[in-house]
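The values are calculated or read from the model by the stated rules, or taken from the named source; none is laboratory data. Only a predicted model underlies this, so the values are computations on that prediction, with no experimental measurement involved. Every residue, glycine among them, receives a Cβ derived from its backbone with ideal geometry; neighbour counts consider all protein chains shown. Each accessible area value is taken on the protein alone, full model and side chains, heavy atoms only, with ligands, DNA and RNA left out. Shrake-Rupley method; radii C 1.70, N 1.55, O 1.52, S 1.80 Å.
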Amino acid sequence: MSRVILLWSGGKDAMQALCHAREQGHQVVALVTFAPPSPRFLAHPLHQIRRQAAALALPHRLVTIEAPFERGYENALAQLRREWAIDGVVTGDIDSVGGASNWIRERCRPLGITVHTPLWQQSRDDLLADLLARGIVAHLSCVDTRFLTPDWVGRGLDGETIAELQQLAASQGFDACGEQGEFHTMVTNGPGFSSPVQLARWQVAQEGNLAYLAEEEA
């Protein structure tokens, strides 16, 4: 059994990768989120990520990366390998973004760390069917308004929503899994959760081309 860390965004792809990694016999010892200094994640707020990790009973580590980024990632990965005695890294990457090579794979190569990408280049329809079959509960937490209107924010990624995304993807050519940034999701329940992670009261906010779920102030 190999010891791995899983790169955790809090979205559906990371959750599916966690399920697949465990089924493939890997021991996931921690969830890791790489971030710039003073991060502000519109789609995946850090406090929500920490709630997810607690519900999954897994340690979570926020790792700050500074420029030069290639060296920053490699130094961080080397430190994580020493700290957790890992053999590999698991990611929820589905495909290359903007034609770029897989960033984490390139950063792990000189370190001799194996990268596992269980979702890589799978059929989008198969991935979305797998999401539903596993009972993963996710909500659209952010959308690019060049592809989807703001009223998509907050919708549960259920069968009806997935069917609409697939229809739009067929007619407009975007990625039905949101791999090119069309939308992001936040998981609130799924295999291994001790209890659902509740969403606070929220409203839809907008910043540039992005519409996102913003918690309302108490």
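Quick notes
- Residue in the stretch 9-22 that is touching a residue at least 60 places away in the same chain (Cβ under 8 Å), touching a Lys or Arg at 6+ places or on another chain (Cβ under 8 Å) and of a type in the set (Gly, Ala, Ser) present: no
- Residue within the stretch 121-129 that is within 20 Å of the chain's Cα centre (by Cα), at pLDDT below 95 and either part of a loop (DSSP other than H, G, I, E, B) or within 30 Å of residue 106 (Cβ to Cβ) (or both) present: yes
- Of all residues in the stretch 151-199 being in contact (Cβ under 8 Å) with a residue 60 or more places away in the chain, polar (S, T, N, Q) and assigned to a loop (DSSP other than H, G, I, E, B), the one that is least open to solvent (accessible area, probe 1.4 Å): 195
- For the stretch 3-13, the criterion of being open to solvent by 40 Å² or more (accessible area, probe 1.4 Å) and over 24 Å from residue 143 (Cα atoms) is met by at least one residue.
- Any hit, the stretch 85-99, residues being part of a helix (DSSP H, G or I) and of a type outside the set (Gly, Ala, Ser): no
- Flag for residue 67 being more than 16 Å from the chain's Cα centre (by Cα), in contact (Cβ under 8 Å) with a residue 60 or more places away in the chain and open to solvent by 30 Å² or more (accessible area, probe 1.4 Å): no
- Evaluation of residue 146 against (1) over 22 Å from residue 10 (Cα atoms); (2) open to solvent by less than 60 Å² (accessible area, probe 1.4 Å); (3) part of a loop (DSSP other than H, G, I, E, B) (one fails), failing number: (2)
- Answer from 114, 91 - the residue that is under 30 Å from residue 174 (Cα atoms), surrounded by 13 or more Cβ atoms within 10 Å (Cβ to Cβ) and not acidic (Asp, Glu): 91
- Residue check, residue 40 open to solvent by 30 Å² or more (accessible area, probe 1.4 Å), of a type in the set (D, E, K, R) and without any contact (Cβ under 8 Å) to a residue 60 or more places away in the chain: yes
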